[in-house]
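Undergrad: Questions regarding the structure given below will be posed in turn.
Laboratory data are not the source of any read-out in this text; all were calculated from the coordinates shown. Model, not experiment: these values are computed from the prediction. Here the Cβ positions follow ideal geometry from the backbone for every residue, glycine too, while neighbour counts run over all protein chains shown.
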Amino acid sequence: MAAPPFERAVVIGTTSSGKSTLARRLAEKLDFALIELDALHWEPNWRPAEEEVLRARVQEALRADRWVSAGNYHQVRDLIWPRAQAAIWLDYSFPRVFWQLTRRTIHRLVTQEVLWGTNVERLWTHLKLWSEESLYHWLFKTYWRRKREIPQLLAEPRHRHLHLYRFKSPAQTDAWLASL
């Protein structure tokens, strides 16, 4: 396999676009460290880490020579993006992301998958569409905002060093990954 065109990349996109899944696959394929921001952010019982704690965890993770980061946490963007060489944007359609969220949620509910230590998703949490705890609420709240914000962020002079890989479908993403 030829050397990849980057050694540090950030995978971005809306809730349930597949950031963590792609980052994990990419890290495994290229033998890079995986920095999963959700894992660094969430404490037991779905408590968010204090910002100073999150930033310290991210700084420690960024010590790896080659890494892939998954997530959009604005609290640590200033740590990750300047060091990244590539931004991989999963810019999928709303119906696609909604389907992926539904499929993932059902899978996690059925399997009682433990996330980031001790956390387990609960059906009622997601059905409370009015609640900030619901990923469906979060998707409706952030999907269109991310579609506006990400291009603006990438256009900023301080982020122009990032080589952008923008994918509109999982098929495009999979073909790119296979080509590496």
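Undergrad: Would you please give the residues with an amide H less than 5 Å from that of Trp67, counting only those at least 5 places away or on a separate chain, with H modeled from the backbone geometry?
TA: Excluding prolines and chain starts, which carry no amide H, the hits are Arg8, Ala9, Ala33.
Undergrad: Right, here's the next one. Please list the equivalent ellipsoid semi-axes of region 43-94, computed as the square roots of five times the alpha-carbon gyration tensor eigenvalues, in descending order and whole angstrom.
TA: Values: eigenvalues 83, 61, 18 Å².
They are 20, 18, 10 Å, listed from largest to smallest.
Undergrad: Also, I was wondering about something else. Please compute, over every Cα-Cα pair in region 1-82, the percentage with a separation greater than 14 angstrom.
TA: On the way: 2026 of 3321 pairs.
Summing the P(r) of region 1-82 above 14 Å gives 61 percent of all pairs.
Undergrad: Could I ask something else about it? Say R0 is 30 Å: what FRET efficiency, to the nearest 0.05, do Gln85 and Ser169 get from their beta-carbon distance? Write down the numbers at each step before the final one.
TA: Numbers: r = 24 Å, r/R0 = 0.80.
The value I calculate is 0.80.
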